[in-house]
Amino acid sequence: MAAKLPVPCHIAIVMDGNGRWATRRLLPRVAGHKQGVDALRRCVHACIERGVGVLTVFAFSSENWQRPADEVSGLMELMAMALGREVAQLQKAGVRLHFIGERTRLSDKVRGGLAQAESATAHNTRLVLNVCFNYGGRWEIAHAAAALAARGEPIDEVGLSRAMGMAHVPDPDLLIRTGGEKRISNFLLWQIAYSELYFSDVLWPEFDEAELDAAIADYARRERRFGQTSQQVVAIPIAEKRTA
Ligand code: IPE
Ligand code: IPE
Ligand code: MG
């Protein structure tokens, strides 16, 4: 059940470790990705129970195209399948879906599925679920800058923030990476400027409520200073220290 701790408004997750989870079981890597979808479903419901408002997950990076062709096609098929199978449930649970990333390289089927899922869930308000798919942080920043330039608008911080694919949500309070690696791998480069980082050794298919609670508990112990001194921020409860 919900931990009685200050809960981050926005949690972002690099869902890493699917391949290793499968390889350790002598299964094909795509079996790990399938298990990863189950872990995401669990995580979405756990976030809803805990009052998290926004969950952003990294599902496929701009660089993941460089993987073996059968893994890439397996991931694309899995996305198409998950869209068909999960959207009705998410809709019922009050989840609003957004897909962030470059769509032109995706198949018509996947592209259509993304658009359909977004419009079917557009009126939901319980949880915003951003799925970063064919996404790279550098792509997002460059894309935003190009959009501003094309409109002849100034390329400044406010303009860039508004032109980002993630402009509809506040910046993540907590960034979790599973799978043991301590790197960002081109995820939300712009938005994590002041996110608290949490690295878990658990492989994504095994990420469960207890792990989520451990990350939230760790987050609750952090002092977010946003450039100020400890003395300046110490009197303010963590719930009021979130980025706007
Ligand atoms: C993350 O798991 C999912 C994607 C990148 C699509 P990995 O497939 O990277 O799993 P590991 O890191 O090889 O174990
Ligand atoms: C990051 O994981 C991308 C996703 C989780 C979708 P990777 O497994 O691709 O990252 P690297 O290659 O280990 O940095
Ligand atoms: Mg990986």
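The values are calculated or read from the model by the stated rules, or taken from the named source; none is laboratory data. None of the values given here were measured: they were computed from a predicted structure. Methodologically, a virtual Cβ is constructed for each residue, glycine included, from the backbone with ideal geometry; neighbour enumeration extends over all protein chains shown.
Observations
- Residue within the stretch 178-201 that is free of Cβ contacts under 8 Å to residues at least 12 places away in the same chain, over 25 Å from R50 (Cβ atoms) and out of contact with any Cys (no Cβ under 8 Å at 6 or more places or on another chain) present: yes
- Residues that are touching a helix residue (DSSP H, G or I) at 6+ places or on another chain (Cβ under 8 Å) and acidic (D, E), drawn from the stretch 29-69: D38
- Among (1) crowded, with 19+ Cβ neighbours inside 10 Å; (2) more than 16 Å from ligand 3 (Cβ to nearest atom), the one test that C132 misses: (2)
- Members of the stretch 18-46 that are closer than 15 Å to F60 by Cβ and small (G, A, S): G19, G32, G36
- Pairs, first more than 17 Å from V44 (Cβ to Cβ) in the stretch 74-86, second of a type in the set (G, A, S) and in a helix (DSSP H, G or I), C-beta under 7 Å, six or more apart: A80/G113
- Residue in the stretch 88-110 that is surrounded by the most Cβ atoms within 10 Å (Cβ to Cβ), counting only those that are farther than 18 Å from V57 by Cα and among the charged types (D, E, K, R): K109
- Set V7, V52: member being assigned to a loop (DSSP other than H, G, I, E, B), touching a Cys at 6+ places or on another chain (Cβ under 8 Å) and at pLDDT 95 or above: V52
- Members of the stretch 26-81 that are within 16 Å of ligand 3 (Cβ to nearest atom), of a type in the set (G, A, S) and either surrounded by fewer than 21 Cβ atoms within 10 Å (Cβ to Cβ) or more than 16 Å from F207 (Cα to Cα) (or both): A31, S61, S62, G74
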